[in-house]
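Have a look at the structure below, then the notes.
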Amino acid sequence: MISNKEIDMILYSLHSEVNILKTVTFENVSKTYNVGDSEVTALDHVSFSIEDESVTVILGPSGSGKSTMLNLIGGMDRASSGCIRVSDTDISKLNEFELTEYRRKKIGFVFQFYNLIPSLNALENVSIVAKMTSHSFDAKEMIRSVGLEDRCQHFPDELSGGEMQRLSIARAICKNPDILLCDEPTGALDSATGRSVLQLLTDMARKYNKTVIIVTHNASIALCANEVIHLKDGRIEFSEKNEKPLKVDEVNW
Ligand code: ADP
Ligand code: MG
């Protein structure tokens with residue numbers, strides 16, 4: 001007969017194992033681009049792990065490799081060397097078909113320049129992506145949550161920069177992806193809208209148990225993250241953990 005205390009111990013150890021699960025792991029990852037005769041090193045032997053259900057911020061000057069890092073995690077591009085593991089899968093070993101499936105099923109991507117489909121209206125831009133997974137959120141509900149309910153019939157060229165950015169966030173979240181990758185997601189937003197978007201992004205990690213990775217220049221966002229990775233010249237300069245990430249309404253924007 002197992003005592004209650006032993007059951008507690010077992011549950012505790014299971015819980016701790018769950019807690020140290022790493023969604024994303026880079027081992028010695030490099031990415032080089034060939035441009036004409038020269039080679040550009042965008043990432044240079046980078047290693048790190050991101051914990052499940054956390055918010056991670058990537059900071060660094062322009063050209064330091066931030067977007068390259070997101071693209072590799074999202075399976076948009078392949079590493080030149082090294083290993084990238086996402087949950088149990090070494091995504092560097094996936095073939096083209098498997099990599100496309102991985103992107104479609106697991107990844108939500110907020111692109112820096114939105115990448116909306118010009119010939120589809122706002123609602124269609126979101127609902128087309130919602131159809132990719134069986135557990136997506138309601139497209140109209142998502143559009144409402146970014147405050148665009150009266151823009152559903154507008155095409156991207158009839159939206160402001162901030163509205164396009166919010167639409168691209170609604171599209172990425174709507175899929176209810178395991179990993180949400182955001183490249184400067186609040187760059188075009190005023191402070192009130194920026195805050196509400198950041199609330200949505202952090203909710204994805206803390207309410208819906210997703211892994212959220214945000215490239216940003218905004219120090220307020222870094223204060224709300226569980227971990228901040230500083231990149232410089234394609235290398236991790238240092239990374240720091242926030243034991244007590246601030247709530248969105250606690251930060252000055
Ligand atoms: P960040 O997002 O931090 O500004 P990037 O990841 O976009 O940086 O770029 C890192 C480096 O890689 C830069 O020097 C950039 O010029 C180079 N780079 C990025 N993408 C490409 C590409 N497709 N072809 C050639 N060089 C690239
Ligand atoms: Mg970039």
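The values are calculated or read from the model by the stated rules, or taken from the named source; none is laboratory data. None of these values were measured; they are calculated from a predicted model. Because the Cβ atoms are built from the backbone with ideal geometry, glycine has one as well, and the counts that use them run over all protein chains shown. The accessibility values were calculated without ligands, DNA or RNA, using every heavy atom of the protein model including side chains. Shrake-Rupley method; radii C 1.70, N 1.55, O 1.52, S 1.80 Å.
Would you pick out the residues in region 203-253 that are among the aromatic types (Phe, Trp, Tyr) and within 19 Å of the chain's Cα centre (by Cα)?
Listed by number, the list holds a single entry, TYR208.
Considering region 173-200 alone, what residues qualify as being within 16 Å of ligand 2 (Cβ to nearest atom), touching a Gly at 6+ places or on another chain (Cβ under 6 Å) and at pLDDT below 95? Walk me through how you get there before you give the answer.
Keep residues of region 173-200 that are within 16 Å of ligand 2 (Cβ to nearest atom), which gives 181-188.
Right, trim to touching a Gly at 6+ places or on another chain (Cβ under 6 Å) and you get 181, 186, 188.
If the condition is that a residue be within 16 Å of ligand 2 (Cβ to nearest atom), touching a Gly at 6+ places or on another chain (Cβ under 6 Å) and at pLDDT below 95, then THR186, ALA188 are the ones that fit.
Residues that are open to solvent by 60 Å² or more (accessible area, probe 1.4 Å), aromatic (Phe, Trp, Tyr) and modelled with pLDDT of 95 or more: does region 104-119 have at least one?
No: region 104-119 contains no residue that is open to solvent by 60 Å² or more (accessible area, probe 1.4 Å), aromatic (Phe, Trp, Tyr) and modelled with pLDDT of 95 or more.
Anything in region 27-53 that is among the hydrophobic types (A, V, I, L, M, F, W, C) and within 26 Å of ALA205 (Cβ to Cβ)? List them, or say none.
Listed by number, the residues that qualify are VAL29, LEU43, VAL46, PHE48, ILE50.
Conditions (1) among the aliphatic types (A, V, I, L, M); (2) within 16 Å of ligand 1 (Cβ to nearest atom), marked per residue:
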residue	(1), (2)
SER64	no, yes
LEU72	yes, yes
LYS93	no, no
GLU96	no, no
PHE113	no, yes
ALA130	yes, no
ASP138	no, no
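For every residue, the table says whether it meets (1) open to solvent by 70 Å² or more (accessible area, probe 1.4 Å); (2) in contact (Cβ under 8 Å) with a residue 24 or more places away in the chain; (3) among the polar types (S, T, N, Q); (4) touching a helix residue (DSSP H, G or I) at 6+ places or on another chain (Cβ under 9 Å).
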residue: ASP44; (1), (2), (3), (4): no, yes, no, no
residue: ASP52; (1), (2), (3), (4): no, yes, no, yes
residue: VAL57; (1), (2), (3), (4): no, yes, no, yes
residue: GLY65; (1), (2), (3), (4): no, yes, no, no
residue: ARG85; (1), (2), (3), (4): yes, yes, no, yes
residue: ILE128; (1), (2), (3), (4): yes, no, no, yes
residue: PHE137; (1), (2), (3), (4): no, yes, no, yes
residue: CYS152; (1), (2), (3), (4): no, yes, no, yes
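Among the listed residues LEU159, LEU181, identify the single one that is surrounded by 21 or more Cβ atoms within 10 Å (Cβ to Cβ) and in contact with a helix residue (DSSP H, G or I) (Cβ under 9 Å, 6 or more places away or on another chain). Give the derivation first.
Details: LEU159 fails: surrounded by 21 or more Cβ atoms within 10 Å (Cβ to Cβ).
Exactly one residue qualifies, and that residue is LEU181.
Just to be sure I understand, how many residues within region 208-246 are open to solvent by 10 Å² or more (accessible area, probe 1.4 Å), in a loop (DSSP other than H, G, I, E, B) and either touching a residue at least 24 places away in the same chain (Cβ under 8 Å) or among the hydroxyl-bearing types (Ser, Thr, Tyr) (or both)?
Looking only at that region, the number is 8.
Can you tell me which of (1) under 21 Å from the mean Cα position of the chain (by Cα); (2) open to solvent by 30 Å² or more (accessible area, probe 1.4 Å); (3) modelled with pLDDT of 95 or more is the one SER81 doesn't meet?
Tallying (1) under 21 Å from the mean Cα position of the chain (by Cα); (2) open to solvent by 30 Å² or more (accessible area, probe 1.4 Å); (3) modelled with pLDDT of 95 or more, SER81 fails exactly one: (1).
Restricting to region 142-198, name every residue that is within 16 Å of ligand 1 (Cβ to nearest atom) and either part of a loop (DSSP other than H, G, I, E, B) or hydrophobic (A, V, I, L, M, F, W, C) (or both).
Residues satisfying the conditions are LEU181, CYS182, GLU184, PRO185, THR186, GLY187.
Being more than 16 Å from ligand 1 (Cβ to nearest atom), assigned to a loop (DSSP other than H, G, I, E, B) and hydroxyl-bearing (Ser, Thr, Tyr) is the filter here, so list the residues in region 34-62 that pass it.
SER54
Going through region 97-138 one residue at a time, which ones are assigned to a helix (DSSP H, G or I) and of a type in the set (Phe, Trp, Tyr)? Spell out how you get there, then give the answer.
Let us first name the residues in region 97-138 that are assigned to a helix (DSSP H, G or I), namely 97-106, 122-130.
Of everything in region 97-138, those that are assigned to a helix (DSSP H, G or I) and of a type in the set (Phe, Trp, Tyr) turn out to be PHE97, TYR102.
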